[in-house]
Amino acid sequence: MKILKYIQTSKATPKEQCRTCKYFNNHPHLVESQFNGITTLSSGYASVRHQDGICSKINRYLSIYDSCIHYTSNQNPTNIINDE
């Protein structure tokens, strides 16, 4: 799988995780719009989704704890919902 060469979960420091990347967006409305039918399972707010979101750089659904070679620090984190 090509995607596996981009994603790293064990080496990412908290400051370099998707949650702080400018390409990551975990707003429920965005997730719902990207996955047709997800609202039939409840909604993009579902607890099973936790804080996962979409990376606009590699166009993938990822965990907030993931990281990749495209990580770029987010100076204005309005694209992240963090409810920890």
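The values are calculated or read from the model by the stated rules, or taken from the named source; none is laboratory data. Nothing here was measured: the structure is a model prediction, and the numbers come from that model. Note that each Cβ is placed from the backbone with ideal geometry, even for glycine, and that neighbours are counted across all protein chains shown.
Does any residue of region 37-45 turn out to be loosely packed, with under 15 Cβ neighbours inside 10 Å, polar (S, T, N, Q) and at pLDDT 90 or above?
no
Write out, first by first residue and then by second, each pair whose Cβ atoms fall under 7 Å of each other, whose residues are 6+ apart or on separate chains, and whose first residue, in region 19-45, is over 28 Å from Q75 (Cβ atoms) and aliphatic (A, V, I, L, M) while the second is surrounded by fewer than 16 Cβ atoms within 10 Å (Cβ to Cβ) and modelled with pLDDT of 90 or more.
Note: no pairs meet the criteria.
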